[in-house]
Amino acid sequence: LQAGDFTMVGNFDYNIAEPDEGSDADSTSFWGASLAVGYAVTEMFGVALRGEYLKDVDAGVWALTDPDALDEVAEGNSLVTGTVTLELKPVENLVLRWDNRIEKSEQNIFYDRASEATDVWFNSILGVVVKSE
């Protein structure tokens, strides 16, 4: 949805993963949803917010991404994220984006600076986009 300087994007996915033929494993499923809103405050400056939710009842996603960690999340997991992005366009072909993201999980799937397992993770990234015409 776009209305003037305001933009909104929503998404929902549902995935069913079937086991390999001949396997006695059960199918797994997971689903996720996201909503992002952005506003161009001026031609040079914008701000965006994004929230996401992932529910992995059968731990299927975690098995695909890190099979060694499956025992830790065997009962499934959910993940909630939030991102704030500040965008600056100082010149026509340059975009600077500062993303600040926090994730919260039901399980200890992240690690803190002391290498201790935790259920919260924070990240701040400065991105640079150069456009050519």
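The values are calculated or read from the model by the stated rules, or taken from the named source; none is laboratory data. The structure displayed is predicted, hence computed values, not measured ones. Backbone-built Cβ (ideal geometry, glycine too); neighbour counts: all protein chains shown. When the accessible area is computed, the model is the full protein with side chains, heavy atoms only, and any ligands, DNA or RNA have been set aside. Shrake-Rupley method; radii C 1.70, N 1.55, O 1.52, S 1.80 Å.
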Inside segment 1-14, can you point out the residues that are loosely packed, with under 12 Cβ neighbours inside 10 Å, touching a residue at least 12 places away in the same chain (Cβ under 8 Å) and within 19 Å of ARG50 (Cβ to Cβ)? PHE6, GLY10, ASN11, PHE12, ASP13
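Residue by residue, here is whether (1) exposed (fewer than 15 other Cβ atoms within 10 Å of the Cβ); (2) at pLDDT 85 or above holds:
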| residue | (1), (2) |
| --- | --- |
| ILE16 | yes, no |
| SER27 | yes, no |
| PHE30 | no, yes |
| THR42 | yes, yes |
| PHE45 | yes, yes |
| LEU49 | yes, yes |
| GLU52 | no, yes |
Only one of (1) out of contact with any Gly (no Cβ under 7 Å at 6 or more places or on another chain); (2) in contact (Cβ under 8 Å) with a residue 12 or more places away in the chain; (3) open to solvent by 80 Å² or more (accessible area, probe 1.4 Å) does not apply to ASN100, and that is (3)
Residue list for segment 103-114, filter: more than 16 Å from the chain's Cα centre (by Cα) and either in contact (Cβ under 8 Å) with a residue 40 or more places away in the chain or open to solvent by 90 Å² or more (accessible area, probe 1.4 Å) (or both): TYR111, ARG113
Pairing a residue in segment 117-133 that is hydroxyl-bearing (Ser, Thr, Tyr) with any residue that is modelled with pLDDT of 95 or more and open to solvent by 60 Å² or more (accessible area, probe 1.4 Å), where Cβ atoms lie under 9 Å and the two sit 6 or more apart in sequence or on different chains, gives SER124/TRP98
Those residues of segment 116-132 which are assigned to a loop (DSSP other than H, G, I, E, B) and either open to solvent by 90 Å² or more (accessible area, probe 1.4 Å) or at pLDDT 95 or above (or both) amount to GLU116, LYS131, SER132
